[in-house]
């Protein structure tokens, strides 16, 4: 059985095409009812697609939010199972890319080797690095990486275009990496 078939086997999902249609047309009550019905299945798929439980929970929540926001864009009701599966898979992959970009802070070091990440001051190091950023870049990093907002949402909050926010966020990440790398190099010496 494929992962998308789990929706098809649930008679409350496919059997009630009026619920899907009402949700697609923007009926908030139908959207919430649909989210309630799908929540367990969305979580199960996220747990099978993501590398760790924390990412799976985040992906499930983000997928449900996407479903809430974008259900109206669904062209046919029959596409719902595969559409929500693609949304979940996309969210899992996005989280994995983010994790790879930022790297793991709890890297395993060689025996006897000490790094800034080994110390209990890691949070202070990161906070100092973020504080060193330009005010707008600092707000953008906090929105995207601490408050877990999407870049487009952060751009709107900060009065930027999405392209400008992405560009500024990329530069801020580079500054943070250099700052933390330089700091850890000095800490090792």
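The figures follow:
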| quantity | calculated |
| --- | --- |
| Those residues of the stretch 129-144 which are within 20 Å of residue 58 (Cβ to Cβ) and surrounded by fewer than 19 Cβ atoms within 10 Å (Cβ to Cβ), in sequence order | 142 |
| Failed item, numbered, when residue 39 is tested on (1) within 29 Å of residue 146 (Cα to Cα); (2) buried (at least 19 other Cβ atoms within 10 Å of the Cβ); (3) at pLDDT 90 or above | (2) |
| Residue within the stretch 46-54 that is part of a helix (DSSP H, G or I), modelled with pLDDT of 90 or more and surrounded by 21 or more Cβ atoms within 10 Å (Cβ to Cβ) present | yes |
| Condition met for residue 88 (touching a residue at least 12 places away in the same chain (Cβ under 8 Å) and within 14 Å of the chain's Cα centre (by Cα)) | yes |
| Spans of helices (runs of 4 or more DSSP H) in the stretch 84-189 with at least 3 residues touching a helix residue (DSSP H, G or I) at 6+ places or on another chain (Cβ under 7 Å) and at pLDDT 80 or above | 135-141, 151-158, 162-188 |
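The values are calculated or read from the model by the stated rules, or taken from the named source; none is laboratory data. Predicted, not measured: the structure shown is a model, and the values here were computed from it. So basically every Cβ, Gly included, is an ideal-geometry build from the backbone, and we count neighbours across all protein chains shown.
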